[in-house]
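Some notes on the structure that comes next.
The values are calculated or read from the model by the stated rules, or taken from the named source; none is laboratory data. Source: prediction; values computed, not measured. Positions of Cβ are backbone-derived with ideal geometry, glycine not excepted, and every protein chain shown enters the neighbour counts. Ligands, DNA and RNA are stripped out before the accessible areas are found, and what is left, the full protein with its side chains, is counted by its heavy atoms. Shrake-Rupley method; radii C 1.70, N 1.55, O 1.52, S 1.80 Å.
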Amino acid sequence: MKEIEGGICAVKGVSANGIKAGKLGLTVILAKGPAAGVFTKNKVTAAPVTLSKGVIETHHRLSGLIVNSGNANAFTGDDGFLDAMEMASVLAQKLDLEADTVAVASTGVIGRRLDVSLITEHLPEVLNGLGSSPECSREAAKAMMTTDRVVKEVAIEMDCGIRIGAIAKGSGMIEPNMGTMLCFAYTDAKVPADVLDAALRIAVDKTFNMVVVDGDTSTNDMVLLTSTCKSGVKPCMDCLDDFEEGLIYVFTELAKKMAKDGEGATKLIEARVVGAKTHEDAKLAAKAIVRSPLVKSAIFGKDPNWGRVVAAAGYSGSELEQERLALSFSGGGEEVELVNSGEISSSSDLELLKKIMANEEIVITLDLNLGKEQAIAWGCDLTYDYVRINSEYTT
């Protein structure tokens, strides 16, 4: 496979556009075909999530998607659900689509009624700019952004010619437990909804579910995968594994972009836990490391306080034996061993460690030496700016 330009518009059969109008962002994506979705596990569920989940579970296909940023339409009761339905209905009427195959997504402030009139007012402008150029994908991604600092999009072409493209938003309120995160992925592979669903769940579990910015699970998390079937390529059973790997690659790149773009973040943290007895043990330990406020603070301060790492793994619920642990930090092509077989390494190079801690990307590798399972989690440092951003969010 190879990365290509164009984001979601690199996929045949996808057209998109988005605009920013003050605090409102509005995105429309058109693509008809079988679809699957994964949604937040937060019991306070936003109206668009409820609506879109119903569309996927009932029809297993989509014809279009409308997304607004600036207002989450969450904790808004029956009125909020009616507003989400109106968003879908307005788009369907404008483009002669079936309203019950239109998905809706929202992101922004929780607990405020959505002003649908703003959406209907600006929708014609979005529709007039619909297209399949790389710029259209980028504008669609930009319009979803809230506290994000960078556009998040990835596209690949597989060796068989199938393409997968996705856009995402998310930089805060993130511990996806399917964080606020939205992702819309498209492929032109000729595959049914049940195949999409199986691949999507595996890919999300290995990628987005391994990102922690601040440990909060949003009310609005949503990942949708739609196939336009336009490539004409129907993957054989062997190719389905390749398709799954391609989807994992796309989602991994987006997951890392979200972690690196965490609110106020200056560093990307990658925690690799290897040698676990079970995959679940590896996941628990890896996520505990990137979730720990003490680890995140130490990384921000370029302080190699590795004791916080083993402490986080120790309380994670993962099975481990401290006399077996091995730990290293790496970055910028350099690596320092800190612990070996449960003993503090006498060969640690303090000056090299300081150099590693100054990198923008820090890799923490913890070997439990109990088995062969492994997992990777991504997070970011905890900075003064995270507190500032989230203390001023609604004011």
Which three extents, in whole angstrom, do the alpha-carbon atoms of the chain cover along their principal axes, largest first?
70, 53, 34
Averaging the inverse of every distinct alpha carbon separation and then flipping it gives the Kirkwood radius. What is it for segment 1-58, in angstrom units?
14.3 Å
If we count every other residue with Cβ under 10 angstrom of LEU325's Cβ, Lys/Arg +1 and Asp/Glu -1, where does the sum land?
-3
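Of all DSSP beta bridges in segment 237-395, what percent run antiparallel (nearest 5)?
The antiparallel proportion sits near 75 percent.
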Neighbour cut-off at most 11 other Cβ (10 Å), DSSP loop, GluC sites (Glu not before Pro), segment 10-112:
none
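Would you mind calculating the relative contact order of segment 240-319 from Cα pairs under 8 angstrom and at least 6 residues apart, reporting the percent as a whole number?
Taking the mean separation of contacting Cα pairs over the length of segment 240-319, I get 26 percent.
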Out of all DSSP beta bridges with both ends in the chain, state the antiparallel percent to the nearest 5.
70 percent
Label THR120 and ASP385 with points 7 Å out from Cα along Cα→Cβ: what is the distance between them in nm?
4.0 nm
What distance in nm separates the simple spin-label points at GLU337 and GLU360, each placed 7 Å from Cα in the Cβ direction?
3.1 nm
What 222 nm value per residue comes from the helices of the chain, counting each DSSP H run with n ≥ 4 as -39,500 (n - 2.57) and dividing by all residues, nearest 500 deg cm²/dmol?
-11000 deg cm²/dmol
Given the convex hull of the Cα atoms of segment 268-392, what is a quarter of its surface area in nm²?
7.3 nm²
With every protein chain in place, segment 268-392: carbon and sulfur % of accessible area (1.4 Å)
49 percent
What net charge is computed for the residues neighbouring LEU114, neighbours being all others with C-beta under 15 Å from the C-beta of LEU114, Lys and Arg scored +1, Asp and Glu -1?
-3
Cleavage-rule hits, chymotrypsin sites (Phe, Trp or Tyr not before Pro), segment 312-395, DSSP coil, Cβ neighbours within 10 Å at most 15
TYR393
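With a cut-off of 8 Å between alpha carbons and a minimum separation of six or more residues, what is the relative contact order of segment 268-392 in percent?
So the answer I get is 44 percent.
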Which value in nm describes the separation of the simple spin-label points at ARG113 and MET1, placed 7 Å from the Cα toward the beta carbon?
4.5 nm
11 Å cut-off, amide nitrogen to a point 7 angstrom out along THR266 Cα→Cβ, residues in segment 354-382
358-360, 381-382
At most 14 other Cβ atoms within 10 Å and a DSSP loop assignment: could you name the GluC sites (Glu not before Pro) in segment 266-359 that fit?
GLU321
How much length, in nm to one decimal, is gained on full extension between THR278 and ASP349, taken as 0.36 nm per residue of separation minus their Cα-Cα distance?
22.3 nm
